[in-house]
Amino acid sequence: MADRGHAHSPTARKVLVAVGGAEIDEETVRLACRMTEPQGGRLYGVHVIEVNRSLPLGAVLDDVVDRAEKILDEVEKLAAASQLQVETELVQARDTGPALVDEAVEWGADLIVMGLPYKRRFGEFNLGKTVPYVLKNATCRVMLFREHREHRDDGA
């Protein structure tokens, strides 16, 4: 492999982990913890609540916020078990992809770690819209962690 002058450490100082409440979240957060430098590294757990365009951006139901806070509490527990400094953020936005990219830039993330549930649409594996947006627009490294195919009962 040619050296282009970019020597990347396998770990990063500031790792943003996106969590959405899927089964894959716990494994994704554990991976993000392993990717965070043990000495001085920081983990930033982000959950985005997508708000329908027909509603005001601040209009979110309490039960949705409660669920999101529980998801972020799990991130904090897993990071604490790995002895990492952690911050969590609940973001309300129209679209998850742009919100994650914006959070990564604002926080100065070196790496974004995202879990990808194994989903099919019209019989084909589907990335959805968030992953391609983040891959295209993130200014830092991005790591995808796709769920094992057999975990889903999707008729495949």
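The values are calculated or read from the model by the stated rules, or taken from the named source; none is laboratory data. Just so it is clear, the model here is predicted, and its values are computed rather than measured. Note that each Cβ is placed from the backbone with ideal geometry, even for glycine, and that neighbours are counted across all protein chains shown.
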Subset of the stretch 65-80, residues in contact (Cβ under 8 Å) with a residue 12 or more places away in the chain, aliphatic (A, V, I, L, M) and either more than 17 Å from Glu23 (Cα to Cα) or touching a strand residue (DSSP E or B) at 6+ places or on another chain (Cβ under 6 Å) (or both), comes to Val65, Ala68, Ile71, Leu72, Val75, Ala79
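Here is a yes/no grid of residues against (1) of a type in the set (S, T, N, Q); (2) within 16 Å of Asp95 (Cβ to Cβ); (3) touching a Gly at 6+ places or on another chain (Cβ under 9 Å):
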position	(1), (2), (3)
Arg30	no, no, no
Arg34	no, no, no
Pro38	no, no, no
Gly41	no, no, no
Tyr44	no, no, no
Ile49	no, yes, no
Ser54	yes, yes, no
Asp63	no, no, no
Exactly one of Glu89, Glu69, Glu106 is at pLDDT 95 or above, more than 18 Å from Val29 (Cβ to Cβ) and among the acidic types (Asp, Glu), and that residue is Glu106
Checked the stretch 32-56 for anything among the hydrophobic types (A, V, I, L, M, F, W, C) and touching a strand residue (DSSP E or B) at 6+ places or on another chain (Cβ under 7 Å); matches are Ala32, Cys33, Met35, Leu43, Val46, Val48, Ile49, Val51
